[in-house]
């Protein structure tokens, strides 16, 4: 690994192995029989593998992740409680496919409905929640689509709360991975429902359909899906040693293929890639010279912890540089962007991370500025 600076070496960074946040060309060493797939390291945002990741597809019951996002959002906003109850309409009661086996006209607690959707993949429970929150499933689906757009899910459109087949109901592997990331980050207090392996309602015990929960591989969510059109799909997440991977696959030919392919891809992601801490939030990366400042330099820091992921075979061919224009004229306000860290490696897109002032630097007073200007003239005259 080489480290460079436009003006001076920052050799103390040497030895840190990093990568750009992008799709790794080395991922071509992996293939899958899934029609669509994406594997993302959530800790750094690195796409480790993708196949038709932006191709629109029928998402079947994986759509229920969006349904749950909408429910969790309302609970966190104080507009809904886990202890609230919702009525079962005839429409919800008559839903076919996977079911919670709700009773017609029953009042069911929201928490039980959540378990019915996540663990039992209940189409009836999904409709109960949709009607209870928005008055109708159609209105709820419109709200799902609107919220998805706000989350950056540009290639998703929802026509129902269940994933029931509809030509205008679709998403992509990338969008579902993005949704999973939002749900895990924003609603960690509710994520535990996804790891629950069974739930009994109305005297009927059903197991969680996520096959990876039953394998010793640190998977703790999220949701399966299957229709004749879409094939077998899975959105899954696993965490090891501070790294969280999100996998979305779809279009697999059988339940067994879904389980085996998903496990294989996740294990590959943990085995072939590693995540490295580069800089902590607020930790000085470089010092920038300050012109006419009460201090001669200002520390440059990253705004958030900077972790990066790279393939183990690629980590030696990396270049890290700090780019800044100096001296920086005083006054300097803390948080002002003054430069950037640039990371490049063969097979990875260039990544740039802003550097900001780590502290305020006041401007020199009038007498100080005169002295600094005179010193500059003297030092510059011999150049």
Meets criteria (at pLDDT below 90 and over 30 Å from residue 209 (Cα atoms)) for residue 300: no
Verdict on residue 308 being buried (at least 16 other Cβ atoms within 10 Å of the Cβ), modelled with pLDDT of 85 or more and within 29 Å of residue 360 (Cα to Cα): no
Residue in the range 85-92 that is surrounded by 24 or more Cβ atoms within 10 Å (Cβ to Cβ), assigned by TED's automatic domain parsing to the domain that holds residue 168 and assigned to a helix (DSSP H, G or I) present: yes
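Do we have residue 99 as more than 20 Å from residue 57 (Cα to Cα), free of Cβ contacts under 8 Å to residues at least 60 places away in the same chain and assigned to a loop (DSSP other than H, G, I, E, B) here? Write out each step before concluding.
Numbers: more than 20 Å from residue 57 (Cα to Cα): yes; free of Cβ contacts under 8 Å to residues at least 60 places away in the same chain: yes; assigned to a loop (DSSP other than H, G, I, E, B): yes.
Yes, satisfied.
Regarding the range 260-276, can at least one residue be identified that is part of a loop (DSSP other than H, G, I, E, B), out of contact with any helix residue (DSSP H, G or I) (no Cβ under 6 Å at 6 or more places or on another chain) and surrounded by fewer than 24 Cβ atoms within 10 Å (Cβ to Cβ)?
If we filter the range 260-276 for residues that are part of a loop (DSSP other than H, G, I, E, B), which is where we start, we get none.
Scanning the range 260-276, I find no residue that is part of a loop (DSSP other than H, G, I, E, B), out of contact with any helix residue (DSSP H, G or I) (no Cβ under 6 Å at 6 or more places or on another chain) and surrounded by fewer than 24 Cβ atoms within 10 Å (Cβ to Cβ), so the answer is no.
Answer with yes or no whether residue 152 is over 24 Å from residue 100 (Cβ atoms) and either in a loop (DSSP other than H, G, I, E, B) or in contact (Cβ under 8 Å) with a residue 24 or more places away in the chain (or both). Reasoning before the result, please.
Details: over 24 Å from residue 100 (Cβ atoms): yes; either in a loop (DSSP other than H, G, I, E, B) or in contact (Cβ under 8 Å) with a residue 24 or more places away in the chain (or both): yes.
So residue 152 fits the description; yes.
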Looking only at the range 161-180, and only at residues there that are touching a strand residue (DSSP E or B) at 6+ places or on another chain (Cβ under 7 Å) and surrounded by fewer than 18 Cβ atoms within 10 Å (Cβ to Cβ), the one that is farthest from residue 214 (Cα to Cα): 168
Can you tell me which residue in the range 105-137 is surrounded by the most Cβ atoms within 10 Å (Cβ to Cβ), limited to those that are in contact with a helix residue (DSSP H, G or I) (Cβ under 8 Å, 6 or more places away or on another chain) and free of Cβ contacts under 8 Å to residues at least 12 places away in the same chain? 134
State all residues of the range 106-138 that are touching a strand residue (DSSP E or B) at 6+ places or on another chain (Cβ under 8 Å) and either over 14 Å from residue 92 (Cα atoms) or outside any helix (DSSP H, G or I) (or both); if no residue qualifies, say none. 106, 107, 108, 109, 110, 112, 115, 118, 119, 120, 121
Considering only residues that are in contact with a helix residue (DSSP H, G or I) (Cβ under 6 Å, 6 or more places away or on another chain) and farther than 20 Å from residue 244 by Cα, which ones fall in the range 35-58? 36, 54
Given the criteria in contact with a strand residue (DSSP E or B) (Cβ under 9 Å, 6 or more places away or on another chain) and either over 30 Å from residue 277 (Cβ atoms) or at pLDDT 95 or above (or both), does residue 33 qualify? yes
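The values are calculated or read from the model by the stated rules, or taken from the named source; none is laboratory data. Keep in mind it's a predicted model, so treat the numbers as computed, not measured. With ideal geometry, Cβ positions are generated from the backbone for all residues, glycine too; neighbour counts draw on all protein chains shown.
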